[in-house]
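The structure appears below as structure tokens.
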Amino acid sequence: MEFKDYYASLGVEKTASPEDIKKAYRKLVRKYHPDVSKEPDADAKTKELNEAYDVLGDPEKRAAYDELGRGHRPGQQFRPPPDWGDFEYAGGMDSDIFADLFAHLGRGQRRGGGGFQMRGEDIHAAMSIGLRDAYQGTTRTISLRVPARDENGRVAMQERTLNVTVPKGVTPGQQLRLAGQGQPGSAGPGDLYLEIQFAPDPRFRVEGHHVYETVPVAPWEAALGGEIEVSTPSGAVSVNVPAGSQSGRKLRLKGRGIPGQPPGDLYLLLEVVLPPATTDQARALYQTMAREMPFNPRQGERP
Amino acid sequence: MNETDILTGVLLDDEALTLDDFARACAVEPDWVVRHVQAGALGGVHEVQIASWRFRSADLRRARALLAIERDFDANEELAALVADLVDEVRRLRTRLHVLGLPPD
């Protein structure tokens, strides 16, 4: 695995005081906060900062990290010393395991020994699904890296693959609880919480259990009204466009949002699209309209 | 455990958490939860009896957001609640813009 330079992540010297480390972390974590940052890599950066601060902000973990760092340069391959706790390294490690190393070390030192019965920690993770999965329900395969005890009682980081049923009718931000799928512990395992996130969809947009869709219409469909065929998350439907519709008109298809009790609605946002005037015939038609239809869209505007 | 098993989870909105389970899910003492509910920083609880308090998806997300702010900035709990309110409002407005087909900026 690669040695990560947590000091560089926080932009501080190796000799920085705990107070300086805290200051540097707070400044950066604000700058890259995913809810306010305009930086494109805000999410990844926040993760890196949290990982670095989790180690350098804790005196015990920092000391262990410094110990480990002696003789290693950033990016260099390294093997942790054999006397490091009861760790056993499974194959196929990636850089995230570097962080797990310290997470686990801290836990072991604080709570190890004494025979204290402790339930394993709960794990929080996010799971991304598509909108159609919410309409129909699905099964997703997710991978988690968790410490697991082998038959000799040693702890090793293991990749665990889980197949998870996503029930029909889920909405963004909902939490799926999988009892007993968290960290192992002497008094039983913790739980796993999966936050449902929706992958961006080019056509449909979701707000709670309501779904929005932009539907392009021709000027005559909007002006004269009529039936149009619209493809929705639950299949193609025939929709009646009211005569005299303009761009931005919202049509509500009740109960065609995400299913549930009650189900959400599907909103169609009409967008009038003009045919291009690229042929003589099209130009002639526009000219006829201009001549024969008294219409000034800016009527009523002050000069 | 057989790793090819298909696991079925429970949505917190179908089966809400008790105070103890909720506190464990947030990795805090139940006192932390009680204090924040009573201060109005954590919502969704209308029962008078603490034993009948139940917590759903939105509460878990909210509690974890509050905790992150309090921890990362050693923030005063009232200020953390205000920041969480503002973040929620920004998210709500951004979602509004997005569903109406408008750019975020």
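The values are calculated or read from the model by the stated rules, or taken from the named source; none is laboratory data. These figures come from a predicted structure and were not determined experimentally. Don't worry about glycine lacking a Cβ; one is built from the backbone with ideal geometry, like all the others, and counts go over all protein chains shown.
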The residue that is farthest from A:R249 (Cα to Cα), considering only those in region B:86-103 that are more than 10 Å from chain A (Cβ to nearest Cβ) and either in contact with a Cys (Cβ under 6 Å, 6 or more places away or on another chain) or of a type outside the set (A, V, I, L, M) (or both), is B:E89
Every residue from region A:44-90 that is at pLDDT 85 or above and in a loop (DSSP other than H, G, I, E, B) = A:G57, A:D58
Within region A:156-189, track down each residue that is at the interface with another protein chain (Cβ under 8 Å from one of its Cβ atoms), assigned to a strand (DSSP E or B) and surrounded by fewer than 18 Cβ atoms within 10 Å (Cβ to Cβ).
-> A:R160, A:T161, A:N163, A:T165
Of the conditions (1) assigned to a strand (DSSP E or B); (2) of a type in the set (A, V, I, L, M); (3) surrounded by 13 or more Cβ atoms within 10 Å (Cβ to Cβ), the single one that A:A134 does not satisfy is (1)
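Taking the residues in region A:212-227 that are assigned to a strand (DSSP E or B) and buried (at least 18 other Cβ atoms within 10 Å of the Cβ) as candidates, determine which candidate is nearest to the chain's Cα centre (by Cα).
The first filter runs over region A:212-227 and keeps only residues assigned to a strand (DSSP E or B), leaving A:212-217, A:226-227.
Narrowing further to those that are buried (at least 18 other Cβ atoms within 10 Å of the Cβ): A:212-213, A:215, A:217.
Working: A:Y212: 20, A:E213: 21, A:V215: 27, A:V217: 33 Å.
Filtering first and then ranking leaves A:Y212.
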What is the residue count in region B:38-56 for residues that are within 16 Å of the chain's Cα centre (by Cα) and either outside any helix (DSSP H, G or I) or at pLDDT 95 or above (or both)?
-> 12
Identify the single condition in (1) out of contact with any Ser or Thr (no Cβ under 9 Å at 6 or more places or on another chain); (2) surrounded by 13 or more Cβ atoms within 10 Å (Cβ to Cβ); (3) of a type outside the set (A, V, I, L, M) that A:T288 does not satisfy, given that it satisfies every other one.
-> (2)
Check region B:63-77 and report whether any residue there is facing another protein chain (nearest Cβ under 8 Å), surrounded by 12 or more Cβ atoms within 10 Å (Cβ to Cβ) and not hydrophobic (A, V, I, L, M, F, W, C).
-> yes
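What do you reckon, is B:V83 crowded, with 17+ Cβ neighbours inside 10 Å, in a helix (DSSP H, G or I), at pLDDT 90 or above and more than 10 Å from chain A (Cβ to nearest Cβ)? Explain how you work it out, then say what you get.
Working: crowded, with 17+ Cβ neighbours inside 10 Å: yes; in a helix (DSSP H, G or I): yes; at pLDDT 90 or above: yes; more than 10 Å from chain A (Cβ to nearest Cβ): no.
Spelling it out, it is not the case that B:V83 is crowded, with 17+ Cβ neighbours inside 10 Å, in a helix (DSSP H, G or I), at pLDDT 90 or above and more than 10 Å from chain A (Cβ to nearest Cβ).
With the requirement that a residue be outside any loop (DSSP other than H, G, I, E, B) and closer than 16 Å to A:V211 by Cβ, what does region A:240-290 give you? It would help to see each step written out before you state the result.
First, the residues of region A:240-290 that are outside any loop (DSSP other than H, G, I, E, B): A:240-241, A:250-253, A:266-272, A:280-290.
If the condition is that a residue be outside any loop (DSSP other than H, G, I, E, B) and closer than 16 Å to A:V211 by Cβ, then A:K250, A:L251, A:R252, A:L253, A:L266, A:Y267, A:L268, A:L269, A:L270 are the ones that fit.
Going through B:R62, B:R92, B:R96 one at a time, which residue ends up being closer than 30 Å to A:R203 by Cα, in a helix (DSSP H, G or I) and within 14 Å of the chain's Cα centre (by Cα)? Walk me through how you get there before you give the answer.
Working: B:R92 fails: within 14 Å of the chain's Cα centre (by Cα); B:R96 fails: within 14 Å of the chain's Cα centre (by Cα).
Residue meeting the stated conditions: B:R62.
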Does B:R54 satisfy the criteria of being facing chain A (nearest Cβ under 9 Å), in contact (Cβ under 8 Å) with a residue 24 or more places away in the chain and surrounded by 15 or more Cβ atoms within 10 Å (Cβ to Cβ)?
-> no
Whichever residue in region B:18-34 is crowded, with 19+ Cβ neighbours inside 10 Å and at the interface with chain A (Cβ under 8 Å from one of its Cβ atoms) and, among such residues, is farthest from B:S57 (Cα to Cα) = B:R24
Where residues in region A:190-204 are part of a loop (DSSP other than H, G, I, E, B) and either over 22 Å from B:A23 (Cβ atoms) or aliphatic (A, V, I, L, M) (or both), which of them is nearest to the other protein chains (Cβ to nearest Cβ)?
-> A:P200
If we scan region A:243-258, do we find a residue that is within 14 Å of chain B (Cβ to nearest Cβ) and in contact (Cβ under 8 Å) with a residue 60 or more places away in the chain?
-> yes
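Looking at A:T139, is it hydroxyl-bearing (S, T, Y), part of a strand (DSSP E or B), within 27 Å of B:R56 (Cβ to Cβ) and modelled with pLDDT under 95?
Working: hydroxyl-bearing (S, T, Y): yes; part of a strand (DSSP E or B): yes; within 27 Å of B:R56 (Cβ to Cβ): yes; modelled with pLDDT under 95: yes.
Considered against the rule, which asks whether it is hydroxyl-bearing (S, T, Y), part of a strand (DSSP E or B), within 27 Å of B:R56 (Cβ to Cβ) and modelled with pLDDT under 95, A:T139 comes out as yes.
Hey, can you tell me all the residues within region A:170-215 that are in contact with a His (Cβ under 6 Å, 6 or more places away or on another chain) and within 16 Å of B:T95 (Cα to Cα)? First the steps, then the outcome.
As a first pass, look at region A:170-215 and keep what is in contact with a His (Cβ under 6 Å, 6 or more places away or on another chain): A:171, A:193, A:205.
Within region A:170-215, A:T171, A:R205 meet the criteria.
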